[in-house]
Amino acid sequence: MSKGRCDATPGREGIGDVGTSDAALVRRVRAGDTAAYADLVARYRDRLGRYALHMLGNREDAEEALQDAFVRAYRSLARCDDPERFGAWLYGILVNRCRTTGARAARRARRFVSDPTALETTPLPGPAEQTEWDDIVRWALARLAPEAREAFLLKHVEELEYEDIAQLTGAGISALKMRVKRAREQLQAILREAEHV
Amino acid sequence: MFDDDAVERVVRYLRRSVRIDPALDHRVMEEIAALPAGPAVPAGGVWRWLTGRRLTLTPLGALGLAAAFVVAVVGVWRVRAAPDAVEPALRGFQFVLVEPHAANVSLVGDFNDWDATRTPMHRTPGDGLWSAVVPLEPGRYRYAFLIDGRLWVADPTAPTTRDDDFGAPSSVLTVGGL
């Protein structure tokens, strides 16, 4: 992950680094000023929350993953080798927490359908029931495979470079490009379906 | 074209700012305050010491490991953390993979947030054996091996998890209490 790219990416939009830098806050936390961590949480809450929300599809799970990521990051702050890149480092933790939370949510869902075949063939709520664009988008995202949704969001919504996504996810660049391509194709098909219903 | 336009519309929509309940900050800080130790307490020194070691295996052990293809070996020592450490007690676990054709192998799992850069495995010269040692506290961990940065491999000698996140194979290791 290139330094400059990562510094800029997680918080590209919106919040500027006005005031104390991430590195200075990290150093204060490491020195025992726990309250300084609240500033980091406030700084990154919304920007990372966007990814979690889109990835997991509901606020409850997103906030759980986000909270877990912040606490884990705090506990592991000694392993943040470059405090200037705290945001990118935190981002990586969140991506993994979303995976775990997403898997747990999938398990919860499976409890209600004990037959895996039935689960696979059970249609999601149809687009006819979704009148708002917000619902359509969430419905479309939910129909993507988790790895495709992850790659699509990181590439197109969070606007990360493939090299950065590879670092965050552990997947190869070729595989990621394929996932993004397939995600776009699937979204096109899903949206076309929504258009015709 | 409708399709591309539609996807781009979705992208633009998803890029909008999202507002998360600021009460989350309070919950995070409360959880942090309840932690048994302060911030940023390194297991780091122990971690680096452990992961940086090259392990030597007896010929018999190496043969057994090769025949089994992959073996996770129960820990060889215990590390008592500093009194103010986050982890009250750790045990070292050695993970081994035989993969003669790999250029690099990483161990990824719940214990390192599935970060492929955090636990590179070390190759024993001449036999295609890759190993890494990870200090773990009691708990249940999912893990996998990442070969050449692209191929996820579960440990065939360990139970496979049914709750893998994205369909990628992974294994499970349960560390009992001390």
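Annotation: the residues A:ARG30, A:ARG99, sorted from fewest to most other C-beta atoms within 10 Å of their own C-beta, follow the order A:ARG30, A:ARG99. If the chain linking B:ALA34 and B:THR157 were pulled fully straight, counting 0.36 nm for each residue of separation and taking away their Cα-Cα distance, it would gain 40.5 nm. Note on B:ARG9 and A:ASP82: their simple-model spin labels are 4.0 nm apart, each label 7 Å out from Cα toward Cβ. Taken along the Cα-to-beta-carbon direction at a fixed 7 Å, the label points for B:ARG150 and A:ARG192 span 2.9 nm.
Extension gain B:ARG140-B:HIS101, at 0.36 nm per residue separation less the Cα-Cα distance, in nm? Don't skip to the answer; put the middle values down first.
On the way: separation 39, 0.36 × 39 = 14.04 nm, distance 3.04 nm.
Net length gain for the segment: 11.0 nm.
Residue by residue along A:68-76, Cβ atoms of other protein chains within 10 Å of the local Cβ number 6 on average. Ranking of B:MET29, A:MET55, A:MET178 by neighbouring Cβ atoms within 10 Å, starting from the fewest: A:MET178, B:MET29, A:MET55. Under the simplified labelling scheme, the A:ARG27-B:ARG19 pair shows an inter-label distance of 3.5 nm, with each label point 7 Å from Cα along Cα→Cβ.
In order along the range A:46-63, the phi-based Karplus estimate (6.51 cos²θ - 1.76 cosθ + 1.60, θ = phi - 60°) of 3J(HN,Hα) comes to 6, 5, 7, x, 4, 4, 4, 5, 5, 6, 9, x, 8, 5, 4, 5, 4, 5 Hz; Gly and Pro are listed as x.
Just checking the output field for A:95-101: average partner chain Cβ neighbours within 10 Å of each residue's Cβ?
4
Over the whole of B:112-122, what's the average partner chain Cβ count within 10 Å per residue? Rounded to a whole number, please. Walk me through the numbers on the way to the answer.
Numbers: counts 3, 14, 10, 10, 7, 4, 3, 0, 0, 0, 0.
Averaged over the peptide's residues, the number is 5.
Using the Cβ-Cβ distance between A:ARG182 and A:ALA42 with R0 = 30 Å, the FRET efficiency computed as 1/(1 + (r/R0)^6) comes to roughly 0.25. By the count of neighbouring beta-carbon atoms within 10 Å, fewest first, A:TYR162, B:TYR143 end up ordered A:TYR162, B:TYR143.
Just so you know, all these numbers are worked out from the coordinates, no wet-lab data involved. All figures in this text were calculated on a predicted structure; none of them were measured in a lab. Neighbour counts are summed over all protein chains in view; Cβ atoms, including those assigned to glycine, are modelled from backbone coordinates with ideal geometry.
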